[in-house]
1. From the list S338, S308, pick out the single residue that is in a loop (DSSP other than H, G, I, E, B), of a type in the set (S, T, Y), within 20 Å of A190 (Cα to Cα) and at pLDDT 95 or above.
2. Which members of segment 266-291 meet the condition of being within 25 Å of A234 (Cα to Cα), over 28 Å from the mean Cα position of the chain (by Cα) and among the hydrophobic types (A, V, I, L, M, F, W, C)?
3. Could you go through segment 77-84 and let me know if any residue there is modelled with pLDDT of 85 or more and either crowded, with 16+ Cβ neighbours inside 10 Å or of a type in the set (A, V, I, L, M, F, W, C) (or both).
4. Residues A271, A262: which one is open to solvent by less than 50 Å² (accessible area, probe 1.4 Å) and over 17 Å from V187 (Cβ atoms)?
5. Here is a check on your reading of the model: is G206 under 33 Å from the mean Cα position of the chain (by Cα) and at positive phi?
6. Residue by residue through segment 344-354, note down the ones that are open to solvent by 10 Å² or more (accessible area, probe 1.4 Å) and among the hydrophobic types (A, V, I, L, M, F, W, C).
7. Which of the residues spanning segment 273-292 are more than 21 Å from G260 (Cβ to Cβ) and modelled with pLDDT of 95 or more?
Amino acid sequence: MDSMNTLAVPPYVELGVHSLSGLLWTLLLLFLWHCYRMGSDLPIPGHAHAGKLKSGSRRSIMSRSGSCDVTKCSARSKLLRSDQITPFISMETEEDEEQGQGYLTPVMSHALFPAQASAEAKKLYAALQEYAKRYSWVGMGRIHKSLREQVHLNDHSAIQKPHLFFLPDVPSVPFFPRDAHRHDIEVLEANYSVILAEFKAVYQRGIDSKLGWTCVGPKGQAVFSLYSAGVSVAGNCRSSPCTYRTLLSLRTFISSNSLGSAGFWLLGPGATLSSSYGPTNTRLRCHLGLQTPSLCELVVGGEPQCWSEGHCLLVDDSFLHTVSHKGSPDSGPRVILSVDLWHPNVAAAERQALDFMFSPDL
C-alpha cells in the first residue's frame, strides 16, 4: 500500500490540472471585461434620455442627408456632451424637428417670444416655464403651442374668439350635452331647492354693494359672487353656506385660478346684453335656472336656448353669445347660479398647469 501512495502522478494528469486552472482564469478575465464594458455604457445619472437621443439623432441625420454635415454634427455633439440635457428634449418628434415647429423648440433654444407677442402672453410663458421647472413638461404640448400662437388669437373664427387664452385641438360646441359633466349637474340640480332658498334670503335683504352685490349694468343686472376670479368671497359664502358646500362637492369646479367664478346672476326685464366672448375655451359655464320668466333667451354661437328652473345648461362662452330678457316689467328678474367647470377635454396635467399659470396670486 505504501508503494502505491508514493507513485508519481502521470504527466497527463498534471497537464489537465494546469489547463483547467488556465481556463478558469481566462473565464474570470472575460467576465470582468464584460462587466467593465456594460458599466461604461450605462447613462449618466439624471441623463436618462441621453443615450436614446444620441443614437436616434445620429440615425436621423444620416438617413436624411446620407453624410454628416460637420457644423451640424459638431453642434449636436456639444449638445450631447452638455450637462444641460433634460428629459423633456425627447418629447419632440423627428417630424417636428424637420419642420422646425416642435412645441418645445423655443425651450431648447431659449428663443424669445415673437416681438409682437403681448406682455400677457410673455407673462404666461414665463409662468409655464416655471411650472415645468418645478414639475414636468409632460402633457404641456398644447399649452406651449397655444402660447406660441397667442399673437394669432384675432385670426380665429368670428364665432369663437376667446380674448385671453385659447387651447388648441379642443373640440367645442356652443352647448354641451349633460353627459359632459353628469355628476356635477346632478349635484347642482339635487340641491336646487336649497340653493333657491338661499338666493331668496340674500335677495330680500336688498341689492347693495355693502351687502355683497355687484351691479354690472342697467336694468337690474347684478351678481352676488361666491367665487370671483378663483378667490372665494368669504362674506357671501357665509350668507349662502349650503350653496358654498355644494360648490365644494363638485368634481370639476374651477376654484383655484382666475378663470373660474361662481355666483347668482340677475337680469331685469327689458335688458339685453351686447354680444361678447368669454376669456377662454378651457372652461364651460354651467347655468342652473333659479327663476326663469318667459321670453328669456341665451344665444350662443347662433344657437338659441332658454333656461328652465331646476335644470342646468352647459355653455361654452368662448363663442359669441348674447343674453336677453324680453319679459314684462312685472315678470321679475331672470336668476341663475353660474358655475365655471373645466372643459371635459382639458387633461388633468393641463388643469394643474393652468391653475399655476392663472393663479390669483400672480
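1. It is S308.
2. Answer for segment 266-291, where residues must be within 25 Å of A234 (Cα to Cα), over 28 Å from the mean Cα position of the chain (by Cα) and among the hydrophobic types (A, V, I, L, M, F, W, C): L266, L267, L290.
3. no
4. Going through A271, A262 in turn, just one is open to solvent by less than 50 Å² (accessible area, probe 1.4 Å) and over 17 Å from V187 (Cβ atoms): A271.
5. No, not satisfied.
6. Selection gives A347, A348, A349.
7. Q291, T292 - these are the residues of segment 273-292 that are more than 21 Å from G260 (Cβ to Cβ) and modelled with pLDDT of 95 or more.
Conditions tested, residue by residue: (1) touching a Gly at 6+ places or on another chain (Cβ under 6 Å); (2) open to solvent by 10 Å² or more (accessible area, probe 1.4 Å); (3) free of Cβ contacts under 8 Å to residues at least 60 places away in the same chain; (4) among the hydrophobic types (A, V, I, L, M, F, W, C).
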residue: V299; (1), (2), (3), (4): no, yes, yes, yes
residue: Q305; (1), (2), (3), (4): no, yes, no, no
residue: L313; (1), (2), (3), (4): no, yes, no, yes
residue: T322; (1), (2), (3), (4): no, yes, yes, no
residue: K326; (1), (2), (3), (4): no, yes, yes, no
residue: G332; (1), (2), (3), (4): no, yes, no, no
residue: W342; (1), (2), (3), (4): no, yes, no, yes
residue: F356; (1), (2), (3), (4): no, yes, no, yes
residue: P360; (1), (2), (3), (4): yes, yes, no, no
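The values are calculated or read from the model by the stated rules, or taken from the named source; none is laboratory data. Quick caveat: nothing in here was measured; it's all calculated off a predicted structure. Note that each Cβ is placed from the backbone with ideal geometry, even for glycine, and that neighbours are counted across all protein chains shown. Just the protein is used for accessible areas: all its heavy atoms, side chains included, with ligands, DNA and RNA removed. Shrake-Rupley method; radii C 1.70, N 1.55, O 1.52, S 1.80 Å.
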